[in-house]
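What follows is a short report on a single structure.
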Amino acid sequence: MRTKTVCVSALMGLSLIAMAASPVVAQSKAKKVEQVRPDIKLAPEVEAAKLRDAALKSNEAYEFVSQLTTRFGARPAGSESERNSAVWAAEELKKMGFDTVRIDTFPLALWERGAEGLEITGPFAQKMVVTALGGSGATPPEGVTGEAAIFETYQDFTTSTADLRGKIVVILQPTVRTQTGVGYGVGSGSMRRQGPESAKARGAIGYVMRSLGTEDHRFAHTGATRFLGDEGLPALAISPPDAEQFERLLKLQREGKAGPLRLKLLSTPKFLGNGTSQNVVAEIKGRTRPSEIITIGGHLDSWDLGTGAIDDGAGVAITMAAAKVMIDNKMRPERTVRVVFWGSEEVSQPNDKGLSGAVAYAEKYAIAGSGETHIAAAESDFGADVVYSLNLPKASDETFKATLGNVLFPLNIYADRADSTGGGPDTGPLKTKGVPVFSLQQNGTDYFDVHHTVDDVLDRIDPKKMDQNVAAWAATVWMIANTSVTFAPNPK
């Protein structure tokens, strides 16, 4: 899908006001952010427009994600590469001029992928391209063999009364391509997360599902599944072309031209014991209301297949750069802007636990008696394509959304009339504690082409689209930080 070119010339009014009311300020080399001309108070939307335009002229975000993915590659939760990337990121944030930077560690059960494979044995013998789901159970070293129980959709599987004892379940349901990613949400919440446990309860010895991906390339998409107890069912994702191969074989079966298929499945992941992961937390302290916190960020960990460029190196880079443009322009917000690089967003944990970094952050910072009030939170975790809409919770100031919408309009972003319902996975634990969450919706039409695959690499990022994201985040956060607006908690 082609996206519109970002144009800033449409907001001449705000830009002219900014030029007339404030002297030109050179790029500061100072390491600490200061307020520009504290004796002159500009309207927040004028200052937000200034930050927006400055962000469009910088490639800070792209440079950061380039360094991150080049230096550390994949960053599985709890791994040495994730830990080293956190140390490096903290040092970079200190150099950028953030007032405080710290690394908070938390416990984590470490997971390792192991060997994986799937092949048809006997008639129609061939190997398939697969990858284990995060949290998959293990087969013996020699694998397991069984008859394939093939279902075209997940609903077919859940409504079927077929005997699955000793069989390997195969689900062929494709992922619908949408701008919002809702097609993925349908599959990840049921087919991937719940499917293996459901198959296990019905006596299956293995579970195979078509990857939650929207491309037609022959690689598989990983992702977390859930399991209860000590170990889950061996569970694999299969590449889209191989799933379509199964579709054709199923057709032959229905035509009486093929008998039952026999499969051999191998998956040897394991949990390595207890370890740690970490959150990186950096702040620009609020000038007048430092205890009022706006938390933004992305997750630093990634799956082990690619280098985690779009998921979610892009998100940490975009939100970091949105705060840094305030530092570079010597503009200190009234409320505190906190940037968090959450650890361990991706990997499953025993007994259906996850989001370890987000939970650790919420339990440390969003608690009664902490002396802090979280005004709002949001995460960038949907790649690096352009932002097209803003979703806010219900605001105390009914004009706030319209005013901010005018600032974002030149970026081809509209303010959605509907209230936000989420702010990204890592804001979930904050939301449950009553923190309002907002979102800057990105174009996700192509996101699931490479999501959770070997093809999640830096080449998939367009630097100019990243700049548009940074501009949107900088303007939005500045507006929240420099007004008295408050938001109602999102519905749980």
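Kindly evaluate Glu363 against the criterion of being closer than 19 Å to Val477 by Cα, surrounded by fewer than 21 Cβ atoms within 10 Å (Cβ to Cβ) and in contact with a helix residue (DSSP H, G or I) (Cβ under 9 Å, 6 or more places away or on another chain).
Working: closer than 19 Å to Val477 by Cα: no; surrounded by fewer than 21 Cβ atoms within 10 Å (Cβ to Cβ): yes; in contact with a helix residue (DSSP H, G or I) (Cβ under 9 Å, 6 or more places away or on another chain): yes.
The answer is no for Glu363.
Looking only at residues that are in a helix (DSSP H, G or I) and among the hydroxyl-bearing types (Ser, Thr, Tyr) in the stretch 62-110, which one is surrounded by the fewest Cβ atoms within 10 Å (Cβ to Cβ)?
Thr70
What number goes with the only condition from (1) surrounded by fewer than 24 Cβ atoms within 10 Å (Cβ to Cβ); (2) at negative phi; (3) of a type outside the set (S, T, N, Q) that Gly434 does not pass?
(2)
Any idea how many residues of the stretch 249-274 are surrounded by fewer than 17 Cβ atoms within 10 Å (Cβ to Cβ) and under 27 Å from Ser79 (Cα atoms)?
4
Restricting attention to the stretch 217-231, does a residue exist that is outside any loop (DSSP other than H, G, I, E, B) and without any contact (Cβ under 8 Å) to a residue 24 or more places away in the chain? Show your work before the answer.
Step one: list which residues in the stretch 217-231 are outside any loop (DSSP other than H, G, I, E, B), which gives 224.
Filter once more, so that each one left must be without any contact (Cβ under 8 Å) to a residue 24 or more places away in the chain: none.
Scanning the stretch 217-231 turns up no residue that is outside any loop (DSSP other than H, G, I, E, B) and without any contact (Cβ under 8 Å) to a residue 24 or more places away in the chain.
Cβ-Cβ distance below 8 Å, separation of 6 or more or different chains: which pairs start in the stretch 379-404 with a residue that is free of Cβ contacts under 8 Å to residues at least 24 places away in the same chain and end on one that is part of a loop (DSSP other than H, G, I, E, B)?
From the stretch 379-404, the pairs are Lys401/Leu392.
Using the structure shown, decide if Gln441 is in a strand (DSSP E or B) and of a type outside the set (Phe, Trp, Tyr). It would help to see each step written out before you state the result.
Values: in a strand (DSSP E or B): yes; of a type outside the set (Phe, Trp, Tyr): yes.
Yes: the conditions hold for Gln441.
Return a yes/no flag: does the stretch 398-406 have any residue that is modelled with pLDDT under 95 and farther than 23 Å from Tyr184 by Cα. Break it down into steps so the answer makes sense when it comes.
Initial filter on the stretch 398-406 (modelled with pLDDT under 95): 398.
Subsequent filtering for residues that are farther than 23 Å from Tyr184 by Cα retains 398.
The answer is yes, given that some residue of the stretch 398-406 is modelled with pLDDT under 95 and farther than 23 Å from Tyr184 by Cα.
So for the stretch 404-420 (the condition being buried (at least 17 other Cβ atoms within 10 Å of the Cβ), of a type in the set (Phe, Trp, Tyr), more than 30 Å from His217 (Cβ to Cβ) and out of contact with any helix residue (DSSP H, G or I) (no Cβ under 7 Å at 6 or more places or on another chain)), does at least one residue qualify?
Scanning the stretch 404-420 turns up no residue that is buried (at least 17 other Cβ atoms within 10 Å of the Cβ), of a type in the set (Phe, Trp, Tyr), more than 30 Å from His217 (Cβ to Cβ) and out of contact with any helix residue (DSSP H, G or I) (no Cβ under 7 Å at 6 or more places or on another chain).
The values are calculated or read from the model by the stated rules, or taken from the named source; none is laboratory data. None of the values given here were measured: they were computed from a predicted structure. Heads up, the Cβs are rebuilt from the backbone with ideal geometry, glycines too, and the neighbour counts pull from every protein chain shown.
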